[in-house]
Amino acid sequence: MTLPSLRPFGQNFVFLLLVALPLSACSGLPGSDPTNFYILQTATQLDTKGTTVTLAEGTTVGIGPVQIPGYADRPQIVTFGSGAAINVSDFDHWAEPLGDAIKRVLTSNVATLIGEEKVFSYPADFRPDKQSLQVAVNVIDITETGAGMARLSVRWHIKALYDNKVLSRQAKIYETAATVGDYNSYAKAVSQLLVEFSQDIATSLNGFKLS
């Protein structure tokens, strides 16, 4: 009786083993650096108080959309290097999409300044009426410079949603110190810049009386 050849099976087994080895090597070598995750904090979490703003009776505000530059639209934290170079950290990530994080923090901060019941994330959970305003945000730059400064460059406009009419356009650059290479320091610095930006948003909403 002739036994079936085991050679094909053996070849397949060796092939599978060779494929599996690189995957194992990438997934967890002893001594490899763990990935660190960071969040942007709200003014309440930072225990920072701003100046409250009183809007016209019945005014509601939708925050969003928030656009961020393509280089920053990734899990890894990106900082500026020298010249046109950027640094992308493989082991330091945002815990949520950066655009979503900025929108979450701005919505919370502005709500603290003008009233929790008046502020919503736009377009989710927001039904506009004649007294509804929208704040759309375009982040031009969000990074840490090689000189140890966190920078937030933004443009925003305020729109009357019912009439689909832009009422105001504004732009500003915010900066504060951050420790180079310390991503926890950078995340906190960006959070502080968003507190300042939120105050400017709240102030820029004042004075509009819709009917």
Test result for Val135, more than 17 Å from Ala72 (Cα to Cα), among the β-branched types (Val, Ile, Thr) and in contact with a Leu (Cβ under 8 Å, 6 or more places away or on another chain): yes
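Residues checked against (1) of a type in the set (A, V, I, L, M); (2) in contact (Cβ under 8 Å) with a residue 24 or more places away in the chain; (3) surrounded by fewer than 18 Cβ atoms within 10 Å (Cβ to Cβ):
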position: Asp73; (1), (2), (3): no, yes, yes
position: Ile77; (1), (2), (3): yes, yes, no
position: Ser108; (1), (2), (3): no, yes, no
position: Arg151; (1), (2), (3): no, yes, no
message: If Lys103 meets every condition in (1) surrounded by 15 or more Cβ atoms within 10 Å (Cβ to Cβ); (2) outside any helix (DSSP H, G or I); (3) in contact with a strand residue (DSSP E or B) (Cβ under 9 Å, 6 or more places away or on another chain) apart from one, which number is that one?
response: (2)
- prompt: Phe126 is checked against (1) of a type outside the set (A, V, I, L, M); (2) closer than 16 Å to Trp156 by Cβ; (3) more than 18 Å from the chain's Cα centre (by Cα) and fails just one. What number does that condition carry?
  reply: (2)
- prompt: Could you say whether any residue in segment 54-66 is at pLDDT 95 or above, over 17 Å from the mean Cα position of the chain (by Cα) and among the aliphatic types (A, V, I, L, M)?
  reply: yes
message: Whether any residue in segment 48-62 is assigned to a helix (DSSP H, G or I) and surrounded by 15 or more Cβ atoms within 10 Å (Cβ to Cβ) is what I want to check.
response: no
- prompt: Taking only pairs six or more apart or across chains, which ones have beta-carbon atoms under 9 Å, a first residue in segment 82-95 that is in contact (Cβ under 8 Å) with a residue 40 or more places away in the chain, and a second residue that is surrounded by 11 or more Cβ atoms within 10 Å (Cβ to Cβ) and charged (D, E, K, R)?
  reply: His93/Arg74; Trp94/Arg74
Among residues of segment 154-203, those that are surrounded by fewer than 16 Cβ atoms within 10 Å (Cβ to Cβ) and aromatic (Phe, Trp, Tyr), counted: 1
- prompt: Just wondering, is there one or more residues in segment 134-142 that are β-branched (Val, Ile, Thr), in contact with a Lys or Arg (Cβ under 7 Å, 6 or more places away or on another chain), part of a loop (DSSP other than H, G, I, E, B) and touching a residue at least 60 places away in the same chain (Cβ under 8 Å)?
  reply: no
query: So Ala150 fits all but one of (1) assigned to a loop (DSSP other than H, G, I, E, B); (2) under 28 Å from Pro34 (Cβ atoms); (3) more than 13 Å from the chain's Cα centre (by Cα); what number is the exception?
result: (1)
field: Residue under evaluation Arg155, criteria (1) of a type in the set (Lys, Arg); (2) closer than 18 Å to Thr203 by Cα; (3) over 16 Å from the mean Cα position of the chain (by Cα), criterion not met
entry: (3)
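The values are calculated or read from the model by the stated rules, or taken from the named source; none is laboratory data. Here the structure is a predicted model, which means the values were calculated and not measured. Heads up, the Cβs are rebuilt from the backbone with ideal geometry, glycines too, and the neighbour counts pull from every protein chain shown.
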